[in-house]
Amino acid sequence: MPTTPHPSRAPGEAAAAIDETALRDALAQFATGVTIICAHAGEGRYVGFTANSFNAVSLSPPLILWSLAHRSRSLATFNHAERYVVNVLSTSQIELARRFSRPHADRFAGVEFALGWADAPRIAGCVAWLECRHHAQMRAGDHEIFVGHVVTCARGAGEGLVFAGHRFAVAKAIDET
């Protein structure tokens, strides 16, 4: 199938570089949930990081996806992890989201969690947990995209934490009547 050039460019003309700040500001208008994704790192150690790059892919089979920057210190562990947990944070877990988004000697110190099927931290107080088996992975730009097959999941109490407009937020239902 022949490629049709973009109407504002001549054939063969490269697209202009995107300003990173403008791109971040544009993407910030898309509200996302906030998660902490965790895996077992061996010898009783765990890795985890805050991610809002999480999304549902399919209900049948049950697939989700998320991404991790190539510069992340956790990437090597996730590259080899066969199982992991996506913890969906509640509105009361903003400080936890901040903690897992910054360098910290032991992000799990003092954090209440239990180990489930994935042998990775299911953090207490979350509104949902999805324990996944590795399904697929691909390099995309400066990130690695992971697709997980959900093996078990649970719903907790509370409301999910949202990130929009470069800040944490709460989703509020709009009365459509």
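The values are calculated or read from the model by the stated rules, or taken from the named source; none is laboratory data. Predicted, not measured: the structure shown is a model, and the values here were computed from it. Cβ: placed from backbone, ideal geometry, glycine included. Neighbour counts: every protein chain shown. Side chains are part of the model used for accessible areas, which takes the heavy atoms of the whole protein and leaves out ligands, DNA and RNA. Shrake-Rupley method; radii C 1.70, N 1.55, O 1.52, S 1.80 Å.
Scanning the stretch 26-41 for residues that are more than 9 Å from Phe163 (Cα to Cα) and open to solvent by less than 20 Å² (accessible area, probe 1.4 Å) returns Thr35, Ile36, Ile37, Cys38, Ala39. Of the strands (runs of 3 or more DSSP E) lying entirely inside the stretch 49-99, those containing at least 2 residues that are within 12 Å of Val34 (Cβ to Cβ) and open to solvent by less than 50 Å² (accessible area, probe 1.4 Å) are 83-88. Number of residues in the stretch 106-133 that are more than 9 Å from Asn87 (Cβ to Cβ), part of a strand (DSSP E or B) and open to solvent by 50 Å² or more (accessible area, probe 1.4 Å): the value is 3.
Please work out if Ser67 is small (Gly, Ala, Ser) and in contact (Cβ under 8 Å) with a residue 60 or more places away in the chain. Yes, satisfied. When Leu75, Leu68 are checked against the criterion of being touching a helix residue (DSSP H, G or I) at 6+ places or on another chain (Cβ under 9 Å) and among the aliphatic types (A, V, I, L, M), Leu68 stands alone in meeting it.
Every listed requirement among (1) within 16 Å of Phe108 (Cβ to Cβ); (2) touching an Asp or Glu at 6+ places or on another chain (Cβ under 7 Å); (3) of a type in the set (Ser, Thr, Tyr) is met by Thr91 save one, (1).
Residue count for the stretch 139-177 satisfying the condition of being of a type in the set (Val, Ile, Thr) and outside any strand (DSSP E or B): 2.
Given the condition crowded, with 16+ Cβ neighbours inside 10 Å, in contact with a Cys (Cβ under 6 Å, 6 or more places away or on another chain) and under 21 Å from Leu68 (Cβ atoms), answer yes or no: does some residue in the stretch 150-168 qualify? Scanning the stretch 150-168 turns up at least one residue that is crowded, with 16+ Cβ neighbours inside 10 Å, in contact with a Cys (Cβ under 6 Å, 6 or more places away or on another chain) and under 21 Å from Leu68 (Cβ atoms). Taking Arg155, is it at pLDDT below 95 and out of contact with any helix residue (DSSP H, G or I) (no Cβ under 9 Å at 6 or more places or on another chain)? So Arg155 fails the test.
Against the criterion of being among the small types (Gly, Ala, Ser), in a strand (DSSP E or B), touching a residue at least 12 places away in the same chain (Cβ under 8 Å) and surrounded by fewer than 15 Cβ atoms within 10 Å (Cβ to Cβ), Ala136 does not qualify.
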